[in-house]
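The values are calculated or read from the model by the stated rules, or taken from the named source; none is laboratory data. Just so you know, these numbers come straight off a predicted model, no measurement behind them. Here the Cβ positions follow ideal geometry from the backbone for every residue, glycine too, while neighbour counts run over all protein chains shown.
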Amino acid sequence: MFQEYPKIEPLSRDDQKLLAGYLNLSPRIICDLSLANIYAWQDCETPHATLIHGNLCILIKTHREPDYFLEPLGNNNLAETVKICLNHIGRISRASTGLVNRLPRDLFEATPLRDHFDYLYQVRALAELKGKKFDGKRNQIKKFIRNQPDHEFLPLESRHRGQALALFERWSQDRPNDNGESSLPHFGEGCQRYALTRAFDDFESLGLNGGAIFVAGEMQGFILASEANPEMVVAHFQYANGKIAGIYQVLLQKTCQEVFSSYALLNLEEDLGIPGLRKTKLSYQPLRIEEKYLITPR
């Protein structure tokens, strides 16, 4: 059971079902309010929990920025709950537009966090890739199919853990070191390795799914995701052998076709301000970009 404020305690694996209940109180859209994200990244972003006015408030302690609360989970006396959170730590980060619109503007300042905006897509559009705007994607897919006739797509399962972690290590070794991306703490390989390992350790309890591409029997790419709500799935990790032309395009399309087909929307999470990642996510023609905010006292 979660403790009443001012007691704030670290989340444990035993809290997963209870936390899932709070997350399901309202449809979750932003990737930060994902059971998988909250637990997988805890080696680098340690989550703590407390109850304020019956709302569950999650405090994130991180080495890469000042500590912050996520938006409260619940609908009880939100303005007062937010005020208590801000009195404690000074900031609520990754807050949704829904929360911002329910808070009095004269008491709270909401600053857009562009690097943390989520990219939302229609699953059907990414499965079909119809129209001129996707010509380049379809050409890459054709190239992959032509050059890799012995490829196979499979739904990602916990039994693929060893192959997926081995692929991550190869991906990590192949990363360029001169483009500035590796200097971003959140994008650091150590944090990703810890998070990916935790995700596979709790694959079933976190409700994970996804897809994987094999070439000549060896895994060359995978997507790991989880359900945010009955209408939307969130892709948390995507890695592939970038030396194989078209593999990322094939991986995303096949996963949308064969694993995500029951969902209307796919959330491909944030771009973290990385220019190449932002360009790629925009090239897939998002249905919308979900804004997130930093809330501070006015």
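Quick notes on this one:
- Pairs where the first residue, in segment 193-220, is free of Cβ contacts under 8 Å to residues at least 24 places away in the same chain and the second is buried (at least 20 other Cβ atoms within 10 Å of the Cβ), C-beta under 7 Å, 6+ apart: none
- Candidates Lys142, Lys130, filtered to the one that is outside the structural domain of Glu65 (by TED's automatic domain parsing), over 27 Å from Asp115 (Cβ atoms), in contact (Cβ under 8 Å) with a residue 60 or more places away in the chain and not hydrophobic (A, V, I, L, M, F, W, C): Lys142
Yes/no matrix, rows are residues, columns are (1) touching a Leu at 6+ places or on another chain (Cβ under 7 Å); (2) outside any strand (DSSP E or B):
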position: Lys7; (1), (2): no, yes
position: Leu18; (1), (2): no, yes
position: Asp32; (1), (2): yes, yes
position: Tyr39; (1), (2): yes, yes
position: Arg64; (1), (2): no, yes
position: Arg94; (1), (2): yes, no
position: Thr111; (1), (2): yes, no
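- Only strands (runs of 3 or more DSSP E) whose full extent lies in segment 216-298 are considered here, and the ones with at least 2 residues that are β-branched (Val, Ile, Thr) are 232-240, 292-297.
- Selected residue (only one of Ala235, Ala216, Ala199 is under 13 Å from the mean Cα position of the chain (by Cα), farther than 21 Å from Tyr119 by Cα and small (Gly, Ala, Ser)): Ala199
- Meets criteria (in a strand (DSSP E or B) and either within 25 Å of Leu120 (Cβ to Cβ) or among the acidic types (Asp, Glu) (or both)) for Pro47: yes
- Boolean, Gly190 is assigned by TED's automatic domain parsing to the domain that holds Gln238, part of a helix (DSSP H, G or I), at pLDDT below 95 and more than 15 Å from Gln238 (Cα to Cα): yes
- Members of segment 30-55 that are surrounded by fewer than 20 Cβ atoms within 10 Å (Cβ to Cβ) and either in contact with a Ser or Thr (Cβ under 6 Å, 6 or more places away or on another chain) or within 14 Å of Ala225 (Cα to Cα) (or both): His53
- Any hit, segment 159-178, residues being over 23 Å from Gly211 (Cα atoms), charged (D, E, K, R) and surrounded by fewer than 13 Cβ atoms within 10 Å (Cβ to Cβ): yes
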